[in-house]
Amino acid sequence: MKASGQTATRILLVDDHELFRTGIAGLLDKQPDLQVVGHAGDGLEAHYRAAALKPDLILMDINMPGVDGLEALQMIKSDLPNTTIIMLTIHDEDEKVFKALRTGAKGYILKNTNSSEFLSMLRNILDGEPALSPKLASRVISEFSRMPSNHPTPPGNGSNSINLTIREKEVLSYMSEDLTDKEIAMHLSVSIHTVKSHVRNILTKLKVKNRRAAAQFARNQGLTK
């Protein structure tokens, strides 16, 4: 029971290990300002649960079978761009850190972080600070400092104004070749449910009614493979 009159941050936990989710939920629910409102065991379930619950914060494992955390991150951010998402992992993997941050994650916490530091990092991110373990923070800063400050604008006729994720652009490219959802799923090594979700997001973002119109847009903008 949360303190009367206090609005707690609503949290969705996503991890394929139920025991881990239960442990984190127990820790969070003891805090007066934090409340676990839902659980998910994989990325696809996380997408559906996030859409239904609209949590303030999602804590999500980066490595899960089927639809992993990175793919789920793209899907959720397409639907709920203002939701704060923090990735969880047991491994210190630079490439996945950078990809998660580029996709929209606000932080990255190692699973072996102790309880007090874990809670401190959560509250920091809710206050607008990046939630990165100290070891990873120095690597991210070093990596981004080597990136050029000005990126050339790729050629096109306004396609860059459409906020499609990298995966959505891949799906759109296959759609332009008239591939079915099943065929696209095979090419991308993802589930057909994931492809269908991407297709829905693409149609919404392009403001078109069907796949044929989306495919024509891709051909007009040179997004074909």
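Checking each residue in the stretch 192-216 for being of a type in the set (A, V, I, L, M, F, W, C) and in contact (Cβ under 8 Å) with a residue 40 or more places away in the chain picks out Leu206, Ala214, Ala215. Checked against (1) crowded, with 18+ Cβ neighbours inside 10 Å; (2) under 13 Å from the mean Cα position of the chain (by Cα), Arg21 passes all but condition (2). Contact map, the stretch 94-120: residues that are farther than 24 Å from Thr165 by Cα paired with residues that are not in a helix (DSSP H, G or I), Cβ distance under 6 Å, separation 6+ or inter-chain. Pairs shown: Leu110/Ser133; Lys111/Leu88; Lys111/Ile90.
Restricting attention to the stretch 173-215, the residues that are in a helix (DSSP H, G or I), in contact with a helix residue (DSSP H, G or I) (Cβ under 8 Å, 6 or more places away or on another chain) and over 21 Å from Tyr48 (Cβ atoms) total 11.
Among the residues examined, Ile90 does not qualify as under 24 Å from Glu129 (Cα atoms), in contact with a helix residue (DSSP H, G or I) (Cβ under 7 Å, 6 or more places away or on another chain), among the β-branched types (Val, Ile, Thr) and not assigned by TED's automatic domain parsing to the domain that holds His193.
Residue by residue, here is whether (1) at pLDDT 85 or above; (2) surrounded by 14 or more Cβ atoms within 10 Å (Cβ to Cβ) holds:
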position: Leu126; (1), (2): no, yes
position: Arg139; (1), (2): no, yes
position: Ser142; (1), (2): no, no
position: Tyr174; (1), (2): yes, yes
position: Thr180; (1), (2): yes, no
position: Glu183; (1), (2): yes, yes
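The values are calculated or read from the model by the stated rules, or taken from the named source; none is laboratory data. Because the structure is predicted, anything quoted here is derived from the model rather than measured. Cβ sites come from the backbone with ideal geometry, for glycine too, and all protein chains shown count toward neighbours.
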